[in-house]
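K.L.:
If you scroll down you'll find the structure; I have some questions about it.
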Amino acid sequence: MNGMFGKCSSWCHNKSAGLLLLRLALGSFFVAHGLAKFQNMEATTAMFDQWGLSSMLTQVASWGELLAGLAFILGAFQWVAAGIITTVMIVAIAKVTGAPVEGQPALLHFIFGWGPNMVYAAAALALAFCGAGRWSLTAWHMKRKGMACQMCKVDHGGAGCANCGSSTPTPQS
């Protein structure tokens, strides 16, 4: 493909590279968030109390962010990790960002309020829907066990499966 920036190599169309970048960025962000909560659990618990959330939820959110972040980085259990992160972000939107400050434009409330949480949840769900990619623990496990990827049962244009690394689609059963 020739485009505005010259000849395109296969690298620019590599879904697994994009998924790896997204997994590493999102996973690192949530590992850091989880660790930050653990480093000062007393302050975190006080903050959760201000929002009307129990101290048990402090532990749940801290462990959830840490473990979901690690799952994203490793490329394993994407649906579970996405479920955890989406739940934490929904609670954050409902309890933390709250209603806009009086006189604050709606756009600013979106940008500095609930918008980033929505983006984190959407990125987590995108990883769940797209799979972890070829460079993931899930793909390694599937290849090692000789398992056919469920996504390979759908025609993906012969470009290879980003989930299991297969170069040809598995015929439908």
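The values are calculated or read from the model by the stated rules, or taken from the named source; none is laboratory data. Just so you know, these numbers come straight off a predicted model, no measurement behind them. Cβ atoms come from the backbone with ideal geometry, glycine included; neighbour counts cover every protein chain shown. These area figures cover heavy atoms from the full protein model, side chains too; ligands, DNA and RNA do not enter into them. Shrake-Rupley method; radii C 1.70, N 1.55, O 1.52, S 1.80 Å.
K.L.:
Being under 24 Å from LEU21 (Cβ atoms), among the polar types (S, T, N, Q) and modelled with pLDDT under 85 is true for just one of ASN117, ASN163. Which residue is that?
P.N.:
ASN163 is the lone residue from the list that is under 24 Å from LEU21 (Cβ atoms), among the polar types (S, T, N, Q) and modelled with pLDDT under 85.
K.L.:
Among LEU53, LEU125, which is the only one that is surrounded by fewer than 19 Cβ atoms within 10 Å (Cβ to Cβ) and in a helix (DSSP H, G or I)?
P.N.:
Criteria check complete, one pass: LEU125.
K.L.:
Let me ask something additional. Which of the following residues is in a helix (DSSP H, G or I), surrounded by 14 or more Cβ atoms within 10 Å (Cβ to Cβ) and at pLDDT below 95: GLY69, GLY18, GLY34, GLY27?
P.N.:
It is GLY18.
K.L.:
So which residues in the stretch 88-105 are part of a helix (DSSP H, G or I) and open to solvent by 80 Å² or more (accessible area, probe 1.4 Å)?
P.N.:
Correct list: ILE90, LYS95.
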